[in-house]
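Take a look at the structure set out below.
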Amino acid sequence: MFPSGQTLPERLEERGVSRRTFVSFCGVMAATLALPAAYRTKIAEALSSVTRPVLIWRQFQDCAGNSESILRSPHPEVAEIVLETLAWNYHELIMAGSGEQAEAMSTQAVRDLKGKYIAVIEGAIPSGDGYCTIGGRSAVDIARDVVGNAAATLAVGACAWDGGLVQHGPTEGQGVQDVVPGANVVNLGGCPHNSANTVAVLVHYLTFGQMPALDQYNRPLFAYGDLIHDQCERRAYYDAGLFVEAWGDEGHRKGYCLYKMGCKGPAATYNCPNVRWNGGTSWPVEAGHNCIGCASPEFWSTMSPFYGRLPNVEGFGADTTAETLGLAVVGATTVAMAAHGVGKAIHSRTVRAHDSSAPAGPEPPPPGSAPTDTVTDSAPTASGGEPPATGGEPPATGGEPPATGGEPAP
Amino acid sequence: MTRIKIDPVTRIEGHLRIEAEVTGGKVSEAWASGTMFRGIEKIVEGRDAREAWIWAQRICGVCTTVHAIASVRAVEDAVGATPPPNAELVRNLIAGSQLVHDHVIHFYHLHALDWVDVVSALKANPAKASSLAQSISDYPLSSTAYFQGVLTRLKTLADSGQLSLFASGYWGHPAYQLTAEENLIAVAHYLDALEWQRDVIRIHAVLGGKNPHPQTFVVGGMATPLDPNSPQAINEERITFLRSLLKTMRTFVEQVYLPDVLLVASAYPEWTKIGGGTRNFLTYGGYGKGSVADTASYLFPRGIIRDLDLTRVLPMDQAKITEQVARSWYTYPQGNQAALHPYKGETDANYTGPKPPYQWLNTGDKYSWLKAPRYDGQVMEVGPLARALVAYAAGVPAVKQSVDATLKKLGVAPAALYSTLGRVAARALESEIVMSQLEGWLDELDRNMNAGDLRIADTAKWDPSSWPSSARGFGPHEVPRGSLGHWVEISDGTISRYQAVVPTTWNASPRDAQGQPGPYEQALVGTPVADPSRPLELLRTVHSFDPCLACAVHVLDAEDGGQRTTVSVDTG
C-alpha cells in the first residue's frame, strides 16, 4: 500500500486514467506474456496493492539506446504505470542529481535493500582498469555490487546480455551473466531491447514475485520463443515464391518477401512482428528493410553479413517447405555459431518453433538441448534465484506463475 | 581554493566527469574527462561496406540515426552512389524530426532540472499557474484543473517518501530562481513532453521501422518503397499519418517548448553573461534540397567563425581538422605532440590514469578517453550555437529574423548568445526553423509520388562489384549536438579504414599539446558556485552543450591491413 493510502488505480483515476483503461492495460500485459486472459485480473490486483520496489538502472559500456527504448515505452499509460509502481531511484540518463548525490542512491539500495530491489543493466562490462569508471569506481566493481545484491536483474540489450558489439573490441566487454556468475539474470536481447517485452517482464515479476518462463539463454520464452519468419506478414509471399530483387522494385513496393535481400527472419527468433515498435506502429520488415536478427545470440557475428542471403539452401524455392528451409538454415547458423564458440541451442529452439502441433502448457526440453538447468518452463527462474523480496514489502502476491510454454501471444 | 568533482554528470548520454578548482566562489580552472571507452576497432574491418551504417549507428542510441546517415553518406561518396531526391527527402524527414525530438527531450528531461525546482512546485497555486500559462501560450492544457492534477500527482509522489528519479536533486539550492507557479508549469510540461516524445517518434517507426536505431537506410537510398496504391509502401495513408504526427510535433514546439525557453531565459538573465568559453565556432552546414554535395542549397551554411567576429564567415576545409592525444589516454607512434588528420589518425589505447577506485584524476597529465580535435590548431565549439552564429553572420533570412526577434523579446544584444543560455536559445530557434521545413519535405515527397516518381534508391551501385577497387569518402552531417563527420576507405568492396569525428569530442575535448583547454573547460571558467557540495551551476553550463559521451569516445575504426592493433576513438 502506498503511504498516501491510495492504490495505483485510484491514483491513475485521479489523473483521468479510468479503471477500465487500467484493466485493459493489464489485459495487454497478459497477452504479451502469453498468459490466459483470466490473468488480467490477477495482474490488476498485484499492481493495485504492490508497494513500490526500488529499481536501479545502471549503464556501463552502452549507447543509451536501451534507455531511450524504455522512454518510448508503448501504450499511453504504461510508462506511468510502471514508473509509479516502481521507485526508479538510479538512472544516469534521466535522474535529477549528479555526482555524489547520484551515487548515494545506488549505494543506499545495495546497503539497505539487499535482495529487495530490481537491477537493470545496460551496456557491456570491461574487466580492464580504466575502461569504464563511474564516480571513480570500475564498472566491474559496481556491477558485482548492484547485481550481486539485487532480488533480480534484467540485462537489457545485446551488450548487457553477451557483450554485444563491444565484446569484439579491445576492451572485450562482457555481459552481466559472465561478470556476475550465478546472479539471477533475465536477458532481454535486441538492439535495443523492445520495451514492450521489458515492461511485461516487470509486470510479471510484480504480479507473481518471479520471472516468467525462460529459455536456455535466460530469455523470456514469450518474447524469444518463435521464429520471426513464422510470424511475418510477408510470409505468404515467401511461400508463393515472390521476392524483392532490388530496393524500390515492384516487388518491394508490393511488400514481397525480403529473403533475397538478406533477411535473417528465417534464422532468428523474437516477437518483433507481433509487438512491433513504438506502440505497435511498425517494425523493420514492414518498413521495407530486412531483419538483421538483433535479438539472436552474438548476432553481430552470427548474423552479419546483414545483406548476405542466408546460406544457399539446396533445393530452395517456392516449393520448399518452411520446415526444410528452417532445418537447413539452422544447420548453417549453427556452424557459424560454433565457429564463435557460442549458441549451443538455437538449433533445438528453431526446430521447436516449427512444431506447430506442440501442445500448450509446459513443454518438454527441446531435443538435444543442454540439461534442464538451462531450460525452465515454469518458475523459479533459470538461475535458481529465490523468489525476491524476502521479508518486508514483497511485491509477490502469491499465486503460481502459469506454465506458459512457448506459444505466441494470441 | 576548493577542488570539486562531479562524477557522474547525469542527464547526459554516457559517462562524463568534471573536476574544477573553485576560487572566491567561482570556477578558476576546469577539466572534462570521458571515463568510458569501447574502442570497437577492427570489427568493421573486412566487412561489407554496405552494412557500415548498421554498426556505426550503435555509436549512440540517444542521437540515434545520426551516425547511420553520416556513414551511409560516406560510403555513397566513396562508391559514387547517388540517392534519388525521394530518398534525400525521407532522410531529411528522419533527420529533421530527430533533431527537433532530441532538442525537446534535451530541454525538458536533460536540462530543465538545472533551472526548475521540482519541490518548490509543491507550493504552487494552480489557479495562478493557469493564468500565467495562459498569458504566455495558447497551449490548451492550461486550466486550473490541469495544474491541480499535476500538483496532486507530485504531492502523492512526495508524500510517499519515494521521489524516484527526482530523489537525488538539488532542491532548495539558492541558484533556483523560478517562482513556485513557474516551476509547476515546467514540471507539468516535463511530464507532457514524456508523452509527446513517445508519440511523435512514430515518424521514425513509419519511415525507419523502429526507434531507437531505425533500420531502413541503404547505400544508394532508402529501403522504404513508395507507392500511393500499395498498402505495403509509403502511401497516402502513411503520408496522412506522418502529417498528423508533424502537426503534433509542431504544436508542442510552438506552444510549449519555445514559450518555456523564454520563460526560463527571462528568469535567469545573468546566464546570458556566463558560460561563453571559446570564441571559435565551426559547422559543416546541412539540410539541403538535394545531395550532400549541393552545399549551396543548405539551410544551415557551412563555415567558421573566429574570435566571435560575426562580420565574417570563413570557409571550412575538412583537411585542416586534426586530433591530438597529448592529454588523452592514447599514444601516437609519431609522438605525444603530433596532430593527425582523421585519415591518418591512429590511436593506441593506453590507460595511465589512477587505478579505480580513485578520488582524483591526475589532470596534470593524461586524463580523458576523448581526443582533442582542433581546426587549424584552434579549439572550436560545434552545435546549435555554432550553426546559429554562422547562419546569422551569413545573413540567412530565417535565422536572422528568428534570432533578432528572440533577442528583442529578451531585451539583450547578440553578444548574449555567447553564453550558457545562448546555447539553450539557439537549440530552440533551430527547432522552430527545422520544424518549418519538415512539412514542406513531406509535401514534396507526396507530390513526387503522385506524379509517378517512385524512385527511392540508386541500385546501380548496390552490387560491390560495380565499385572501384579502392575508394574513400567523407560523410558530413549536422546533428543535434553539432558537426559529425565519418570518413571511410573501401578496398574490394570491404572496409579497410573507418573514422568518425563526433560533436562531443570537439566540445568536451581535454587540453591539447599546447595546453589549450577544450570548449567545456573554457566555458566553465568564471561560473559561480554557491555551494561546492552541490555544484548545480556547473551542470547548467555543461548541460547547455548537451553532452553525448558515448559518441565522443566511440568506437569504430578499422585500420588497414590488420597489422596494427590500433584503436581509434577518435575523434569524435
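Every read-out reported here was derived from the displayed coordinates using simple, explicitly stated rules and does not represent laboratory data. Since the structure is predicted, the reported quantities are computational estimates derived from the model, not experimental observations. No Cβ is skipped: glycine too gets one built from the backbone with ideal geometry, and neighbour counts run over all protein chains shown.
Think of the range A:8-214 as a dipole: +1 on every Lys or Arg Cβ, -1 on every Asp or Glu Cβ, centred on the Cα centre; then among A:GLN101, A:GLY169, A:ASN187, A:ASN187 lies furthest on the positive end.
Taking every Cα-Cα distance in the range B:226-359 and sorting them into 10 Å bins starting at zero, the pair-distance distribution P(r) comes out as 9, 15, 24, 24, 20, 7, 0 percent. As a calculated quantity, the FRET efficiency between B:GLU195 and A:ARG111 at R0 = 35 Å, using C-beta atoms, amounts to about 0.50. By the beta-carbon count within 10 Å of each Cβ, the least crowded to most crowded order of B:TYR257, B:TYR146, fewest first, is B:TYR146, B:TYR257.
Mean projected area of the convex hull spanned by the Cα atoms of chain B, taken over all viewing directions: 25.6 nm². Packing here is the average count of other Cβ atoms within 10 Å per residue, and on that basis the peptides A:129-142, B:51-64, A:156-169, highest first, run A:156-169, B:51-64, A:129-142.
Once both labels are positioned 7 Å from their Cα atoms along Cα-to-Cβ, the gap between A:LEU242 and A:SER24 label points is 3.4 nm. Hey, with R₀ at 30 Å, roughly what FRET efficiency would B:SER469 and B:THR295 work out to, going by the Cβ-Cβ distance, to 0.05? About 0.55, to the nearest 0.05. Placing unit charges on the Cβ atoms only, positive for Lys and Arg and negative for Asp and Glu, gives chain B a dipole magnitude near 780 debye about its Cα centre. Per-residue Cβ counts within 10 Å, from other chains only, averaged over A:249-256: what number is that? Mean partner shielding for this stretch: 6.
Computing FRET efficiency as 1/(1 + (r/R0)^6) for B:SER230 and A:ALA38, where r is the C-beta to C-beta distance and R0 is 51 Å, gives about 0.80.
A convex hull fitted to the Cα coordinates of the protein assembly as shown yields 145 cubic angstrom per residue.
Here the label points at B:LYS247 and B:ARG3, each 7 Å from Cα along the C-beta direction, are separated by 6.0 nm in the simple model. The mean number of partner chain beta-carbon atoms within 10 angstrom of a residue's beta-carbon across peptide A:272-281 is 5.
A Cβ-based charge dipole, computed about the Cα centre of the range A:8-214 with Lys and Arg at +1 and Asp and Glu at -1, lands at about 660 debye.
Would you mind estimating how fast the range B:365-415 diffuses translationally, via Stokes-Einstein at 4 °C and 1.567 mPa s with the Kirkwood radius over Cα pairs, in µm²/s? My calculation gives 97 µm²/s for D. Taken along the Cα-to-beta-carbon direction at a fixed 7 Å, the label points for B:SER436 and B:ALA319 span 3.7 nm.
Extension gain for B:THR240 to B:GLN401 (0.36 nm times residue separation, less C-alpha to C-alpha distance): 54.9 nm.
Applying the Karplus relation 6.51 cos²θ - 1.76 cosθ + 1.60 with θ = phi - 60° to the range B:91-104 yields 3J(HN,Hα) values of 5, 4, 5, 5, 5, x, 5, 4, 4, 5, 4, 5, 5, 5 Hz, where x marks Gly and Pro.
Fewest neighbouring Cβ atoms within 10 Å first, the residues B:ARG423, B:ARG38 line up as B:ARG423, B:ARG38. Taking every residue in B:13-25 and counting other chain Cβ atoms within 10 Å of its Cβ, the average works out to 3. Compactness of the range B:252-329 was expressed as the Cα radius of gyration divided by 2.2 N^0.38 Å, which yields 1.53. Residues in the range B:503-517 carry Karplus couplings, in order, of x, 5, 5, 4, 6, 9, 5, x, 5, 10, 4, 8, x, 6, x Hz; the curve used is 6.51 cos²θ - 1.76 cosθ + 1.60 with θ = phi - 60°, and Gly or Pro positions show x. Considering only beta bridges that DSSP places wholly inside the range A:8-214, some 20 percent are antiparallel. Sorted ascending by nearby beta carbons within 10 Å, beginning with the fewest, B:LYS128, A:LYS264 become B:LYS128, A:LYS264. This model, with +1 at the C-beta of Lys and Arg and -1 at the C-beta of Asp and Glu, gives the protein assembly as shown a dipole about its Cα centre of some 1240 debye.
Length gained on full extension, B:GLN337 to B:ASP443, computed as 0.36 nm times the residue gap minus the Cα-Cα distance: 32.9 nm.
With no solvent and one point on each alpha carbon, what is the Debye value of log10 I(q)/I(0) for the range A:8-214 at q = 0.07, 0.10, 0.15, 0.18 Å⁻¹? For the range A:8-214 at q = 0.07, 0.10, 0.15, 0.18 Å⁻¹, log10 I(q)/I(0) is -0.21, -0.42, -0.91, -1.26. Counting 0.36 nm for each residue step from B:GLU21 to B:ALA460 and taking away their Cα separation leaves a gain of 152.2 nm. Computed from phi, the 3J(HN,Hα) profile of the range A:162-167 under the Karplus parametrisation 6.51, -1.76, 1.60 (θ = phi - 60°) reads 10, x, x, 6, 5, 4 Hz, with x in place of Gly and Pro. Would you list the P(r) distribution for the range A:212-302, with all Cα-Cα distances sorted into 5 Å bins from 0 and each bin expressed as a whole %? Histogram of Cα-Cα distances, whole percents per bin: 3, 14, 24, 23, 18, 11, 4, 2, 0.
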